[in-house]
Amino acid sequence: MWLGLWGGAGRVVAGNEPGPVTSGSGAATAVWLWQLQRRLLSASSRRSTEMASAGAPAAAVPTLAPPLEQLRHLARELRLLLPGVRVGEARETSKEFNRETFWSRLNEAAVKVSGEATTLTEVFSRLPLPSPQETQRFCEQVHAAIQAIIAIYYSLPKDQGITLRKLVRSATVDIVDGMAQLVEVLFITPAQSPENNDLISCNNVWVACQQVPRIPRDNKAAALLMLTKSVDFVKDAHEEMERAVEEYDPYCGLLNDTEEDNSDNYGDEGDDVLGCPNNRDLYWSEEDQELIIPCLALVRASKAGLKKIRILVAENGKKDQVAQLDDIVDISDEISPSVDDLALSIYPPMCHLTVRINSAKLVSVLKKALEITKASHVNPQPEDSWIPLLVNAVDHCMNRIKELTQSELEL
């Protein structure tokens, strides 16, 4: 702050230029002094600013986490995306859906993810590891590629078919999960180790990306794929049941008599004390073997029904009837798990009541599938005799199972 130099009319006001001055050398001197003071103050201000700048700490530069810690964070972020993909709904849009554009974008996105996975593997499978700045760039590219393919999946409308959406969703989940697994391997396992190479070589992300071009392009093709899988699952279960019956040793039960004779030597608990299973848990009784026959027939009828449904969809299914195709697939998908439950329940030790319950469940699902198929557009002749005949065969099997298990209900 400047101080007044002169009193009266020739005074210099602090912070202002000199006021009116009288004539003579006093006025010139006052002006000169004012200019000198201004220059000194300006220089002092500059020096103070420079000293303050030199003494102040440097601007904070954001520090990046180490490379492996960034990979750990990326894996966690990818895992957090999975629940949303599994339950995510199609996003509403005013744009008209273009099937060719959708599949082209999805294929390109899968190729992009595969490429990013390869790049990430190459740079983190050898030493030295990339710098934190390079790692940040790699992680951002991976995350962006995954977000892109998820967004494309969300753009598939429901009216294209629920069955088709499930297949695209499954492929997308496999890709995200495979990438998360790959990143986890890269930050957990040391680079250049044999274990690292083995885990990377069998990783699923590349396999999942290669499956994208093989996804059916419409809901009818998707329905046929799912029905074919159901037929194959039931066929495998039926063959396994038949193999178990063929390989069964009918004389195995004779060992039980010997064990009963020796049980007195070991007390009441017998083999259980020694940690060995009781032999009656290892073979079928005559009643069990009799019950297996209608169970096998019921599984055989389920396989025949699924095959017939698949043929009808292949021959008569219409691509624009997405809702009916979805209904057929949904109920048919329940047949295979029901067959598995029945197949497991026939193995010794067999519980007849469990077999009866599982048989009734399979019958209910199978008959419902036949009813939905009969009422849909894939069955142009509802009076076709094959469905009633199959229903009668199923009912006959179930009635026989009820007869053979009636004693269990009466206990």
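The values are calculated or read from the model by the stated rules, or taken from the named source; none is laboratory data. Since this is a predicted model, take the numbers as computed values, not measurements. We place every Cβ from the backbone using ideal geometry, glycine too, and count neighbours over all the protein chains shown.
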Query raised in the report: Counting only residues that are buried (at least 22 other Cβ atoms within 10 Å of the Cβ) and of a type in the set (A, V, I, L, M), which one in the stretch 331-350 is nearest to LYS374 (Cα to Cα)?
Result: ILE335
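Is it the case that LYS166 is over 29 Å from PRO130 (Cα atoms), surrounded by fewer than 21 Cβ atoms within 10 Å (Cβ to Cβ), at pLDDT below 95 and assigned by TED's automatic domain parsing to the domain that holds GLU89? Can you show your working first?
Details: over 29 Å from PRO130 (Cα atoms): yes; surrounded by fewer than 21 Cβ atoms within 10 Å (Cβ to Cβ): yes; at pLDDT below 95: no; assigned by TED's automatic domain parsing to the domain that holds GLU89: yes.
Taking the combined requirement at face value, the residue does not satisfy it.
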Query raised in the report: Using beta carbons and a limit of 7 Å, which pairs, at least six apart or on different chains, have the first residue in the stretch 346-364 and in the same structural domain as GLN406 (by TED's automatic domain parsing) and the second one assigned to a loop (DSSP other than H, G, I, E, B) and surrounded by fewer than 21 Cβ atoms within 10 Å (Cβ to Cβ)?
Result: PRO348/LEU282; PRO348/TYR283
Report task. Can you confirm whether the stretch 308-320 contains a residue that is closer than 30 Å to SER407 by Cβ and not in a helix (DSSP H, G or I)? Result -> no
Query raised in the report: Only one of these conditions is not met by ASN379: (1) part of a loop (DSSP other than H, G, I, E, B); (2) in contact with a Gly (Cβ under 7 Å, 6 or more places away or on another chain). Which number is it?
Result: (2)
Report task. Quickly run through the stretch 360-411 and pick out the residues that are of a type in the set (Val, Ile, Thr) and in contact with a Ser or Thr (Cβ under 6 Å, 6 or more places away or on another chain). Result -> VAL365, ILE401
Requested in this report: Provide a single number: the residues in the stretch 321-345 that are in a loop (DSSP other than H, G, I, E, B) and either assigned by TED's automatic domain parsing to the domain that holds GLN160 or of a type in the set (Asp, Glu) (or both).
Outcome: 2
Report task. Return the pairs, sorted by first residue and then second, in which the second residue is among the hydroxyl-bearing types (Ser, Thr, Tyr), the first residue lies in the stretch 223-234 and is within 8 Å of SER336 (Cβ to Cβ), the beta carbons are less than 7 Å apart, and the residues are 6+ apart or on different chains. Result -> SER230/SER332; SER230/SER336; PHE233/SER336; VAL234/SER302; VAL234/SER336
